[in-house]
Amino acid sequence: MLGNFSYHNPTKLYFGEDSLQYLRDELKHYGTNIVLIYGGGSIKKNGLYDEIITILNDCGKNTAEISGVMPNPTLEKLYEGITIARAHHADFILAVGGGSVCDYSKALSVSVHCKDDPWEKYYIRFEEPDCQIIPVGCVLTMAGTGSEMNGGAVITNHEAKLKIGHVFGEEVMPKFSVLNPKYTLSLPKYQMCAGIYDIMNHICEQYFSGEDDNTSDYISEGLMRSLIHASRIANENPQDYEARSNIMWTATLALNTLVSRGKSTDWMVHMLGQSVGAYTDATHGMTLAAVSLPYYRYIMPYGLKKFVRFAKEVWHVCGKNKSDEQIAEEGLQALENWMKDLGLVMHISELGATPDMIEGIADGTIILNGGYKTLSRDEVVQILKESL
Ligand code: NZQ
Ligand code: ZN
C-alpha cells in the first residue's frame with residue numbers, strides 16, 4: 001500500500017540554454033553579502049565564472065569567494081568556509097559547480113551560525129539545524145547527484161575515515177537552481193559516465209524496495225529507460241545537447257524527493273560506496289558502480305519479483321520459457337553490459353581499495369534496513385570482497 005506522505009519541493013528550477021539570465025532576478029530577493037562557492041577551476045576554464053561575476057557586480061553584490069571545493073568535500077574545508085562566511089556576514093550562498101559544490105554549500109548554510117560542531121551535530125548525531133540557515137542558490141555544472149533540488153549534503157571526514165550524508169529538510173534545499181545542459185558539455189567523459197551511473201543508482205535505490213504496486217515504480221522505470229537511451233547517445237557523442245539535457249533532467253527527477261514518496265527505499269549501494277569513498281576518495285558514481293553488481297546479485301533472491309520486473313520493464317528481457325531466476329539474472333546481465341559499455345569502474349581495487357581495507361570499509365558502512373535483505377556485517381564484508 002502506498003504510505004501516507006506530504007510532498008513539497010521548494011526549489012525553483014530554471015532549465016535550458018538561456019537559464020542563467022534568471023539569476024539576476026533571483027538575486028534581488030537576497031541581501032548584499034554573497035559567498036560564491038566553486039570547485040577546482042573548471043568554471044574558470046569554460047567561462048562561467050566570468051559570467052557569474054558580471055551578474056554579481058551588475059546586481060551590486062559584495063562577493064566573497066570560497067574556491068577549491070574538492071570532489072567529496074571535506075570537513076576541514078567546511079571549517080575553512082565557516083570562517084570566511086562569518087567574516088563576510090553572508091546573506092546568501094551561491095554554489096556554482098557539481099554535487100560537491102552544492103552539497104558543501106548546503107552544509108555551510110547550516111554551519112555558519114551553528115553553536116555546536118557541525119560534524120558532531122549533523123553527521124554523528126543526525127540532529128536537525130536549530131540555528132539561522134543561510135539561503136543557497138545553485139548554478140549546476142554536472143548532472144548526477146540531484147543535489148540541485150534536494151537537501152542532501154555529504155561530507156568526508158578523512159581523519160575518522162567516514163563519508164556521511166545528512167539529508168536536510170526543505171529549509172536547506174536550494175531556493176533556486178539554474179540548470180543549463182550546455183555547462184555540462186565541458187565535463188570529462190569519466191565524470192559524465194560516473195554521473196550517469198549515479199543517476200541510475202539513485203533510481204535503483206528507491207526502486208528495489210517494497211513489493212507494493214505503486215506509481216513511483218512506473219515513474220522510476222520511465223526514468224531508467226530514458227536515462228539508458230540518452231546515455232547511449234551521449235556515450236557515442238558527448239556533445240549531443242538533446243541527450244545531455246535529458247540526462248540532466250533525469251538526474252534532478254531521480255533524487256528530488258518525488259519518487260520516494262509513500263514507499264520504502266534501500267540505499268545500501270550508497271552506504272557501501274560512500275565507505276569505499278572515505279578510504280579511497282574515489283569519484284562517487286564509480287564507487288557505486290564497483291559495488292553494485294555483487295550487491296544486487298546477492299539480494300536478488302530476496303526481492304526476486306522486483307528483479308524480474310526490472311528485467312522486463314527496463315531492459316526488455318523476454319520471459320518466455322524462462323524461470324524467474326533466469327529472467328532476473330538476464331536483467332542484471334543487461335545492466336552489467338550497459339555499465340561496461342559506459343566504461344564504468346567495476347572493481348573497487350581499480351579505485352585504490354586493497355584487501356587490508358575491507359574490514360575498515362565494512363566498519364564505516366552504515367547498515368540500513370529498507371532493502372530486500374538487511375545485511376549482517378559479515379555479508380557486508382563478503383560483498384566488499386566480491387567487489388575487489
Ligand atoms: O572542481 P571542478 O574544477 O569544478 O571540477 C569538477 C570535479 O573535478 C568537475 N566538473 C564539474 N562540472 C564540470 C567539471 N569539469 C568540467 N566541466 C564541468 N562543467 O567534475 C569533478 C566532479 O565534480 P563533483 O561535484 O565532485 O561531482 P558530483 O556532481 O558527482 O558530486 C559528487 C558529490 O556529491 C555527493 C557525493 O557523495 C560526492 O561527495 N552526493 C550528493 C548527493 C545529494 N546531495 O543528494 C547524493 C549523491 O548520492 C552523492 O552522495
Ligand atoms: Zn549518489
Worksheet item: Is one or more of the residues making up region 46-57 in a strand (DSSP E or B) and either open to solvent by less than 40 Å² (accessible area, probe 1.4 Å) or within 16 Å of ligand 1 (Cβ to nearest atom) (or both)?
Response: no
Worksheet item: What residue, among those in region 152-173 that are without any contact (Cβ under 8 Å) to a residue 60 or more places away in the chain and open to solvent by less than 30 Å² (accessible area, probe 1.4 Å), is nearest to ligand 1 (Cβ to nearest atom)?
Response: Ala153
Worksheet item: What number of residues in region 149-201 are under 18 Å from Asn72 (Cβ atoms) and among the polar types (S, T, N, Q)?
Response: 5
Worksheet entry | Single residue of Lys312, Lys305 found to be within 24 Å of Asp213 (Cβ to Cβ), surrounded by fewer than 21 Cβ atoms within 10 Å (Cβ to Cβ) and touching a Gly at 6+ places or on another chain (Cβ under 8 Å) | Lys312
Worksheet entry | Scan of region 174-191 for residues that are within 11 Å of ligand 1 (Cβ to nearest atom), open to solvent by less than 10 Å² (accessible area, probe 1.4 Å) and out of contact with any Phe, Trp or Tyr (no Cβ under 7 Å at 6 or more places or on another chain), ordered by number | Pro174, Asn180, Thr184
Discussion item. Among (1) more than 25 Å from Ile361 (Cα to Cα); (2) out of contact with any Phe, Trp or Tyr (no Cβ under 8 Å at 6 or more places or on another chain); (3) within 16 Å of ligand 2 (Cβ to nearest atom), there is one condition Gly151 misses while meeting the rest; what is its number?
Written reply: (2)
Discussion item. If Thr63 meets every condition in (1) of a type outside the set (A, V, I, L, M, F, W, C); (2) closer than 20 Å to Gly285 by Cα; (3) free of Cβ contacts under 8 Å to residues at least 40 places away in the same chain apart from one, which number is that one?
Written reply: (2)
Response to the item:
Counting only helices (runs of 4 or more DSSP H) wholly inside region 200-288, the ones holding at least 3 residues that are over 17 Å from Gly144 (Cα atoms) and in the same structural domain as Leu368 (by TED's automatic domain parsing) are 215-236, 268-280
Worksheet item: Pick from Thr252, Thr265: which is in contact with a helix residue (DSSP H, G or I) (Cβ under 7 Å, 6 or more places away or on another chain) and crowded, with 23+ Cβ neighbours inside 10 Å?
Response: Thr252
Worksheet item: Is it fair to say Thr280 is among the β-branched types (Val, Ile, Thr) and surrounded by fewer than 21 Cβ atoms within 10 Å (Cβ to Cβ)?
Response: no
Fill in: Options Met192, Met248, Met173: the member that is among the aliphatic types (A, V, I, L, M) and within 28 Å of Asn369 (Cβ to Cβ)
Met173
Worksheet item: Within the group Glu26, Glu76, which residue is open to solvent by 70 Å² or more (accessible area, probe 1.4 Å), at pLDDT 95 or above and under 23 Å from Asp103 (Cβ atoms)?
Response: Glu76
Item to complete: Determine the pairs where a residue that is free of Cβ contacts under 8 Å to residues at least 24 places away in the same chain, located within region 374-388, has a partner that is of a type in the set (Asp, Glu) with Cβ atoms under 9 Å apart, the partner being 6 or more residues away or on another chain.
Response: Arg377/Asp363; Val381/Glu359
Discussion item. Being buried (at least 24 other Cβ atoms within 10 Å of the Cβ), away from ligand 2 (no atom under 16 Å from the Cβ) and assigned to a loop (DSSP other than H, G, I, E, B): is that true of Val96 here?
Written reply: no
Worksheet item: Across region 331-354, which residue is nearest to Leu388 (Cα to Cα) among those that are open to solvent by 70 Å² or more (accessible area, probe 1.4 Å) and touching a helix residue (DSSP H, G or I) at 6+ places or on another chain (Cβ under 8 Å)?
Response: His347
Item to complete: Output the number of residues of region 111-151 satisfying the condition of being open to solvent by less than 30 Å² (accessible area, probe 1.4 Å), touching a helix residue (DSSP H, G or I) at 6+ places or on another chain (Cβ under 9 Å) and more than 21 Å from Leu255 (Cα to Cα).
Response: 7
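The values are calculated or read from the model by the stated rules, or taken from the named source; none is laboratory data. These numbers were taken from a predicted model, which means no experiment stands behind them. Positions of Cβ are generated from backbone atoms using ideal geometry, with glycine treated the same way; all protein chains shown enter the neighbour counts. The accessibility values were calculated without ligands, DNA or RNA, using every heavy atom of the protein model including side chains. Shrake-Rupley method; radii C 1.70, N 1.55, O 1.52, S 1.80 Å.
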